[in-house]
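Data block below; observations after.
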Amino acid sequence: MLFEFSDEETLIEETARRIAAERLAPLADRLDRGEGREDFLANLKLLADNGFMALAVDPAHGGTGAGAVAFALSIAALAEGCAATAVTVSVTNMVAEVIQAVGTAEQKQTYIRRLADGTYPAGAFCLTEAGAGSDPAGMATRARRDGDAFVLDGTKLYITSAEYAGLFVVWAVTDPAAPPGKGISCFLVEAGTPGLVIGKAEHKMGQTGSATNPVSFDDCRVPASALLGPLHGGYRTAVAELAGGRIGVAALSLGIARAAMDAAKAHVRQRRQFGQAIAEFQGIQWMIADRETELEAARLLILQAAHLKDRGLPYAKAASMAKLYASEAAHRATDTAIQLFGGAGYIREQRVERYARDARITRIYEGTSEIQRLIIAREILRGNA
């Protein structure tokens, strides 16, 4: 299939590349060292002002209305400049989309607009717990009805953007007697709500510019209007939105890998050994050919999944294939980039070292590579049946 992008999609990708080059890439190394938070937040506001925080959301709700293909192109372009910023944008888009999918008219008008225009610096997706990672049905967080309110108690782990998110989408068990996955509901909780406690930031291997924290709910009271979607229908909502999020992680993986390989190709053209540029050696050329072939395949898988989503067709299998392949390809690409740099690639002054650390988590979050294989196999076998 030949993907021909619309003028709007092309403009959005070009804008993302320009912002990535001018604003994100120059800050990425400082963020990696734990510096530059104020500039990071300023970049998030700039991205909101340019329509990147609700790309696939209807303009009637404050979104850009550009679709999933534009979203994928944007995240890949932003990740070439800074993966920590790209993941923040990706998760914020997830939050906006889940509100669009199951929210009330009032929730859409109120909360999506605040995400889209940067009133909220970011959105947070509170699903994972100590006992509920790949199996969200095993969550322990509870929400009990108390008059015209719900009271939340429990702890979520590894929450992206928790320190500066303005809005949290939170999953909790509302019917403990229901079968696993059947008694879970979803809630909107604004930052600053009494009982919402942001824990100490995790010290991560990569994407360190993006805050990751535990989030606790201690007798956290929210109005009944904070219920997002049907009561006890939250599990289905989570599963549906995770599929869309996998397109984002796949695109982010591609962006990191693309940056690593571009740096490596520039290096091997300049680095000379035995009287010639090392790019002239066949072994080097084969390494580059293999990685570039994989990245092109990853790109096509991502676009296929995004295209299916834009058309309203089933895309869960395609999204899992894209996420699995792109994240694994990013691991190989960043490792190859370090190898092509030689000893210099192991030194922090060379960005390929950071790219390798940033890429590692893509094989884990939004569902591990092993979980993606289970989803793909299930969908294939179900189709054959």
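Observations on the structure shown:
- Computed over segment 249-304, the Cα gyration tensor eigenvalues convert (square root of 5λ each) into semi-axes of 27, 12, 5 Å, ordered from largest to smallest.
- Other-chain or far-sequence residues with amide H under 5 Å of Thr128's (modelled H): Leu157
- For segment 72-113 versus segment 139-193, the spacing of their alpha-carbon centroids is 20 Å.
- Cβ-based exposure ranking for Lys309, Lys156, in which fewest neighbours within 10 Å come first: Lys309, Lys156
- Dividing the alpha-carbon radius of gyration of segment 344-385 by the rule-of-thumb value 2.2 N^0.38 Å gives 1.84.
- Semi-axis lengths, Å, segment 1-57, gyration tensor of Cα atoms, sqrt of 5 times eigenvalues: 26, 13, 9
- At 1.002 mPa s and 20 °C, Stokes diffusion of segment 226-385 via Kirkwood alpha-carbon radius, µm² per second: 125 µm²/s
- With bins 10 Å wide beginning at 0, the percent of Cα pairs of the chain falling in each bin runs 5, 24, 33, 24, 10, 3, 1, 0.
- Amide hydrogen proximity for Leu55: with H placed 1.01 Å from N in the peptide plane, the residues at 5 or more positions away or on another chain lying under 5 Å are Thr64.
- Alpha-carbon gyration tensor eigenvalues x 5, square-rooted, for segment 124-232, Å: 23, 16, 10
- Considering only Cα atoms, the convex hull volume of segment 79-172 works out to 122 Å³ per residue.
- Annotation: the residues Thr104, Thr334, sorted from fewest to most other C-beta atoms within 10 Å of their own C-beta, follow the order Thr104, Thr334.
- Cα-based shape type of segment 1-132, given that a ≥ b ≥ c are square roots of the gyration tensor eigenvalues and the cut on a/c is 1.5: oblate
- Here Lys108 is the anchor, and the aspartates and glutamates within straight C-alpha reach of less than 12 Å, apart from those fewer than 8 places off in the same chain, are Asp58, Glu97.
- Under 17 Å from the Cα of Lys317 - lysines, other chains or at least 8 residues apart: Lys309
- Our summary of shape: the Cα atoms of segment 209-284 have principal axis extents of 73, 25, 16 Å, ordered from largest down, in whole angstrom.
Every number here is computed from the coordinates shown, using simple stated rules; none is lab data. In this text, all values refer to a predicted model and were calculated from it rather than measured experimentally. Here Cβ is always computed from backbone atoms with ideal geometry, including for glycine, and neighbour counts include all displayed protein chains.
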